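Worksheet: one structure, shown below.
The values are calculated or read from the model by the stated rules, or taken from the named source; none is laboratory data. Bear in mind the structure is a predicted one, so any value in this text is a computation, not a measurement. Cβ atoms come from the backbone with ideal geometry, glycine included; neighbour counts cover every protein chain shown. Heads up: the accessible areas ignore ligands, DNA and RNA and are worked out on the full protein's heavy atoms, side chains in. Shrake-Rupley method; radii C 1.70, N 1.55, O 1.52, S 1.80 Å.
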Amino acid sequence: MPSGRTRLLAAFALVVVGTSTNAQPSSAAPRHPTVSLQAGFVGFYPGHLVLDATGGAYLDDGVLHVHADRIILDMRGEHYLAAGSVTVEGQSLTRGDALGVDIATHRGVLVDSASSPSSIAIDGAAVGGPAIIAPNSDPLALPDVGFEQPYVRATRAVAHLGADVRLRDARIIVPGGESVALPSYVYSYSTNPGYSISNINTNGEDLPIYFGSTADSIQGVHFSYNTVTKVAIGLDSHFVGERSYVLVSGSPLIGPTKVFNFTWQDYINDHASQTFNSSTVTGSGTFNAYDLRNSIHRSFLELTASTQPDFHGSTFAWQSFDQPFGSSTISRPYYHLRSEYGFSHVSQQGSFAPFAADAVLPNTVWHSAFEGYLGSPSWNFGQNTSLFGSADLRKENDTLPHGQVLQDYTLTLYTRLTHTISTNLSDSVVPFFDVYPSVDTIYHSRSHQQTISVNYDNGDPFALNLFATHSTATTDNPNGAFAIPWSLFGTLRFRVTRSLSLQLSRSYFFGYNGQRFGALGLQILP
């Protein structure tokens, strides 16, 4: 541990005390308690979720106001410590040498070597009386950040515990000891998908920088490549509740075509959820989609609906969960079943093959479908090789009239070559048949795809994933079949410094339809 931390630990070790661990946080406590911290220097250590403030440090946890030479906030443990000329302002003003407080219970201990008792209890805004010592607890224990360097230096931080931290006058440390200055920078560490999922239109290429946050939201700016404006700029906001979240975005903000997206995800209860997505494209209109799912005994019901210019439709479906064959505890085959019924409506239905050019087709078409999926157990060949297979069959009929039978057969071979290198080889065949009984026509189509992936991962410092795909498609349908013959996709993650890593991703299409390289993906990670 660096010498500065050693000296601070020695200061904290004036006495070894504990606080009662029986107290529970109030039921009215905020979901993400807010703690603000400012000083001449505030270092952020994302690997340990620690803020370290030195030089006239000040902390406000909503109950106490604390001044000290140094204050350390452990966001993962929701605990903070202060040392050197400590002043605690609650119901009264009290001074001491060291302070440790649990934020969830607002209980802790203030150490003052010049007073008796030397350990003073903290209970909410009340400061006074002897601290209750609990065996094997140390409220003044420092979080150990090891040799991690600060990822960001700032003058002020506002932490929404369990969600994010916003740093003002931030400087992100980059290779060579240089830094990138940002007036505000937000780092989110919540496991709630509402913070990490984005619905912004960037065509897969995105450099996000989040700059704003509240206890239940974050706001960011996104930079991406656009063929018209070259550099595209977008904005998005995430509003996150306990069981739901809302995403709002717009990109690119400059240029002839703009896309505004809205997403609402709501977990109604432990077995039901609903999702609404809306996308408005300038010059094209608004596209909406709704999905409602409710789990019942070993299965779920699903209701979907969608609208777009000149079209709307809806489907009601039942699908079982994966069900194993037999009662053996070892790996065994499994299956699931699905049935659905729905409709689609277009304002104007044009004719298409195999119907005559002047055929009058219905604007509203109702359909029903049944699907069965079968998955094999994992066949192991030694400790490092396994084989898995699956088959899927779907049969659909509609009132056009039209019928379709689609099959999907897949085999996947997994091999671990070393403890850091593994490969996946997958081969899938999809034959499908389109039947038009009113004109006595059947179209036969078939697609075939092989994918091989090589994955190298030696832990945090470096990871490389490469995917190669070969696809073919044949059909006697005059509308043709689509397949990209060859494509490559790769992701590369590497650590630039101890506190900064980059992840790059890109696709390559070997000149298909004149396209070679796809969008470049870039992520900056701690």
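Take segment 223-245 and flag every residue that is assigned to a strand (DSSP E or B), open to solvent by less than 70 Å² (accessible area, probe 1.4 Å) and more than 20 Å from N192 (Cβ to Cβ).
S224, N226, A232, I233, G234
Evaluate the following for N269: is it more than 27 Å from S344 (Cα to Cα) and open to solvent by less than 60 Å² (accessible area, probe 1.4 Å)?
yes
Tell me, please, whether a residue that is at pLDDT 95 or above, more than 27 Å from F381 (Cβ to Cβ), touching a strand residue (DSSP E or B) at 6+ places or on another chain (Cβ under 7 Å) and buried (at least 16 other Cβ atoms within 10 Å of the Cβ) can be found in segment 406-427.
yes
If I go through segment 146-191 residue by residue, how many of them are in a strand (DSSP E or B), of a type in the set (D, E, K, R) and open to solvent by less than 40 Å² (accessible area, probe 1.4 Å)?
1
Among the residues that make up segment 97-118, is at least one of them in contact with a helix residue (DSSP H, G or I) (Cβ under 6 Å, 6 or more places away or on another chain) and modelled with pLDDT under 90?
Looking for residues that are in contact with a helix residue (DSSP H, G or I) (Cβ under 6 Å, 6 or more places away or on another chain) and modelled with pLDDT under 90, one finds none in segment 97-118, hence no.
Need the failing condition index for T286 against (1) closer than 24 Å to D392 by Cα; (2) among the polar types (S, T, N, Q); (3) not in a loop (DSSP other than H, G, I, E, B), just the number.
Every listed condition holds for T286 apart from (1).
Quick one: in segment 79-96, of everything that is open to solvent by 50 Å² or more (accessible area, probe 1.4 Å) and either of a type in the set (S, T, Y) or in contact with a Leu (Cβ under 8 Å, 6 or more places away or on another chain) (or both), which residue is farthest from V145 (Cα to Cα)?
It comes out as S92.
Can you pull out the residues in segment 96-119 that are among the aliphatic types (A, V, I, L, M) and closer than 24 Å to P33 by Cα?
Hits for segment 96-119 are A98, L99, V101, I103, A104, V109, L110.
Table: residues versus (1) farther than 23 Å from L337 by Cα; (2) open to solvent by less than 40 Å² (accessible area, probe 1.4 Å); (3) in a strand (DSSP E or B).
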residue: L361; (1), (2), (3): yes, yes, no
residue: H367; (1), (2), (3): no, yes, yes
residue: F370; (1), (2), (3): no, no, yes
residue: Y373; (1), (2), (3): no, no, yes
residue: Q383; (1), (2), (3): yes, no, no
residue: F388; (1), (2), (3): no, no, yes
residue: D392; (1), (2), (3): no, yes, yes
residue: N397; (1), (2), (3): no, no, yes
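Could you give every pair whose Cβ atoms fall below 7 Å, whose first residue belongs to segment 299-321 and is open to solvent by 80 Å² or more (accessible area, probe 1.4 Å), and whose second residue is of a type in the set (A, V, I, L, M, F, W, C), counting only separations of at least 6 or pairs across chains?
Pairs found: Q308/F287; D310/V346; F316/L303; W318/L301.
Do any strands (runs of 3 or more DSSP E) lying entirely in segment 471-526 carry at least 1 residues that are β-branched (V, I, T), and which ones are they?
The qualifying strands (runs of 3 or more DSSP E) are 486-497, 521-525.
Any residue at all in segment 358-366 that's closer than 18 Å to V435 by Cβ and aromatic (F, W, Y)?
Yes, there is a match, as at least one residue in segment 358-366 is closer than 18 Å to V435 by Cβ and aromatic (F, W, Y).
Every residue, every condition in (1) closer than 30 Å to S179 by Cβ; (2) without any contact (Cβ under 8 Å) to a residue 24 or more places away in the chain; (3) among the hydrophobic types (A, V, I, L, M, F, W, C); (4) surrounded by fewer than 16 Cβ atoms within 10 Å (Cβ to Cβ), yes or no:
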{"residue": "V439", "(1), (2), (3), (4)": "no, no, yes, yes"}
{"residue": "T451", "(1), (2), (3), (4)": "no, no, no, no"}
{"residue": "D457", "(1), (2), (3), (4)": "yes, no, no, yes"}
{"residue": "A463", "(1), (2), (3), (4)": "yes, no, yes, no"}
{"residue": "N479", "(1), (2), (3), (4)": "no, no, no, yes"}
{"residue": "T497", "(1), (2), (3), (4)": "yes, no, no, yes"}
{"residue": "G511", "(1), (2), (3), (4)": "no, yes, no, yes"}
{"residue": "G514", "(1), (2), (3), (4)": "no, yes, no, yes"}
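Got a number for residues in segment 329-378 being within 36 Å of the chain's Cα centre (by Cα) and polar (S, T, N, Q)?
7
I need the full set of residues from segment 101-121 which are within 15 Å of V63 (Cα to Cα) and surrounded by fewer than 18 Cβ atoms within 10 Å (Cβ to Cβ), in order please.
A104, the sole residue that qualifies.
From V228, V259, V240, V246, grab the single residue that is farther than 29 Å from R153 by Cα, of a type in the set (A, V, I, L, M, F, W, C) and under 15 Å from the mean Cα position of the chain (by Cα).
Only one candidate passes the filter, namely V246.
So in segment 354-395, with the set limited to residues that are under 21 Å from A473 (Cα atoms) and not basic (K, R), which one is modelled with the lowest pLDDT?
In this case the residue turns out to be P354.
Against the definition (surrounded by fewer than 16 Cβ atoms within 10 Å (Cβ to Cβ) and either under 29 Å from E178 (Cβ atoms) or in contact with a Ser or Thr (Cβ under 7 Å, 6 or more places away or on another chain) (or both)), how does P143 come out, yes or no?
Considered against the rule, which asks whether it is surrounded by fewer than 16 Cβ atoms within 10 Å (Cβ to Cβ) and either under 29 Å from E178 (Cβ atoms) or in contact with a Ser or Thr (Cβ under 7 Å, 6 or more places away or on another chain) (or both), P143 comes out as no.
Take S471 and decide whether it is surrounded by 14 or more Cβ atoms within 10 Å (Cβ to Cβ), in contact with a His (Cβ under 8 Å, 6 or more places away or on another chain) and closer than 24 Å to V430 by Cβ.
Yes: the conditions hold for S471.
Condition first: touching a strand residue (DSSP E or B) at 6+ places or on another chain (Cβ under 9 Å), closer than 30 Å to I442 by Cβ and either exposed (fewer than 14 other Cβ atoms within 10 Å of the Cβ) or polar (S, T, N, Q) (or both). Can you find one or more residues in segment 322-332 that meet it?
no
Filter segment 246-258 for residues that are crowded, with 17+ Cβ neighbours inside 10 Å and among the aliphatic types (A, V, I, L, M) and give the result.
The answer is V246, L247, V248.
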